[in-house]
Amino acid sequence: MDILNLPPTAKNPPELFAGDAWVDYLAVPQPGTDQRATVAKVRFAPGARTAWHSHARGQFLHVTDGVAWFGTRDGEVVEVRPGQTLYTPPGQEHWHAAAEGCFMEHIALMEAGDDPATSVTWGEHVTDDDFHGPRA
Ligand code: MN
């Protein structure tokens, strides 16, 4: 067994995230295996958000700090608190955000698709109307 040499903290790219969000990988598939799971800690500045996207095999999002907002195409926004885990099923378009006025940190778990290039499908940025949509 080995202590993994994981990548340093990286800022997520502006074409996929609005505002500042940083990712730390905690677990990644290992060479020479058929592993698919990735675990990442993601820290969002107040009001920062992902673009619309979906995951081929769904995603588990465990909030560890702050207040998280998650939106889906039905327009509803779910507020999630530390200690709670949100699940998004395979193919469901959604976004993740820190609520206005506070940082947010979550642990994300997802699996690679059969074609790793299709693990995440990205769309357009979230509008302010999306961001302030009705609460679930
Ligand atoms: Mn997601």
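The values are calculated or read from the model by the stated rules, or taken from the named source; none is laboratory data. Because the structure is predicted, anything quoted here is derived from the model rather than measured. Cβ placement follows ideal geometry from the backbone for every residue including glycine, while neighbour counts extend to all protein chains displayed.
Determine whether the range 78-85 contains at least one residue that is in contact with a Lys or Arg (Cβ under 7 Å, 6 or more places away or on another chain) and under 21 Å from TRP122 (Cα atoms).
No, because not a single residue in the range 78-85 is in contact with a Lys or Arg (Cβ under 7 Å, 6 or more places away or on another chain) and under 21 Å from TRP122 (Cα atoms).
If you take the residues of the range 1-27 that are surrounded by fewer than 13 Cβ atoms within 10 Å (Cβ to Cβ) and of a type in the set (S, T, N, Q), which of them is modelled with the lowest pLDDT?
If we take residues in the range 1-27 being surrounded by fewer than 13 Cβ atoms within 10 Å (Cβ to Cβ) and of a type in the set (S, T, N, Q), then ASN5 is modelled with the lowest pLDDT.
Here is a list: GLN30, GLN84, GLN35, GLN92. Which entry is surrounded by fewer than 16 Cβ atoms within 10 Å (Cβ to Cβ), within 14 Å of the chain's Cα centre (by Cα) and among the polar types (S, T, N, Q)?
Sole residue among the options that is surrounded by fewer than 16 Cβ atoms within 10 Å (Cβ to Cβ), within 14 Å of the chain's Cα centre (by Cα) and among the polar types (S, T, N, Q): GLN92.
Give just the number: which of (1) crowded, with 18+ Cβ neighbours inside 10 Å; (2) within 23 Å of ALA112 (Cβ to Cβ) does ALA48 not satisfy?
(2) is the only condition that ALA48 fails.
Does the range 31-47 contain at least one residue that is in a loop (DSSP other than H, G, I, E, B), of a type in the set (D, E, K, R) and within 28 Å of ARG135 (Cβ to Cβ)? Write out each step before concluding.
Within the range 31-47, the first condition is being in a loop (DSSP other than H, G, I, E, B), and the residues that meet it are 31-36, 45-47.
In the following step, the residues that additionally are of a type in the set (D, E, K, R) were identified as 34, 36.
Among the residues that remain, those that are also within 28 Å of ARG135 (Cβ to Cβ) are: none.
Scanning the range 31-47, I find no residue that is in a loop (DSSP other than H, G, I, E, B), of a type in the set (D, E, K, R) and within 28 Å of ARG135 (Cβ to Cβ), so the answer is no.
Could you run through the range 65-79 and say how many residues are touching a residue at least 60 places away in the same chain (Cβ under 8 Å) and surrounded by 19 or more Cβ atoms within 10 Å (Cβ to Cβ)? Let's see the steps before the verdict.
The first filter runs over the range 65-79 and keeps only residues touching a residue at least 60 places away in the same chain (Cβ under 8 Å), leaving 69, 71, 76.
Add one more test, that the residue is surrounded by 19 or more Cβ atoms within 10 Å (Cβ to Cβ), and what stays is 69, 71.
Count: 2.
Run down THR50, THR64 and say which single residue is touching a His at 6+ places or on another chain (Cβ under 7 Å), within 19 Å of THR9 (Cα to Cα) and more than 13 Å from the ligand (Cβ to nearest atom). Walk me through how you get there before you give the answer.
Details: THR50 fails: more than 13 Å from the ligand (Cβ to nearest atom).
Residue meeting the stated conditions: THR64.
Residues that are farther than 17 Å from HIS125 by Cα, more than 13 Å from the ligand (Cβ to nearest atom) and not hydrophobic (A, V, I, L, M, F, W, C): does the range 89-96 have at least one? Give the steps one after another, and end with the answer.
Step one: of the range 89-96, the residues farther than 17 Å from HIS125 by Cα are 89-91.
When the remaining residues are screened for being more than 13 Å from the ligand (Cβ to nearest atom), the result is none.
No, the range 89-96 contains no residue that is farther than 17 Å from HIS125 by Cα, more than 13 Å from the ligand (Cβ to nearest atom) and not hydrophobic (A, V, I, L, M, F, W, C).
Taking into account only those residues within the range 21-60 that are without any contact (Cβ under 8 Å) to a residue 60 or more places away in the chain and polar (S, T, N, Q), which is nearest to GLN92 (Cα to Cα)?
GLN59
Is it true that ALA117 is free of Cβ contacts under 8 Å to residues at least 40 places away in the same chain and closer than 19 Å to LYS11 by Cα?
Details: free of Cβ contacts under 8 Å to residues at least 40 places away in the same chain: yes; closer than 19 Å to LYS11 by Cα: no.
The answer is no for ALA117.
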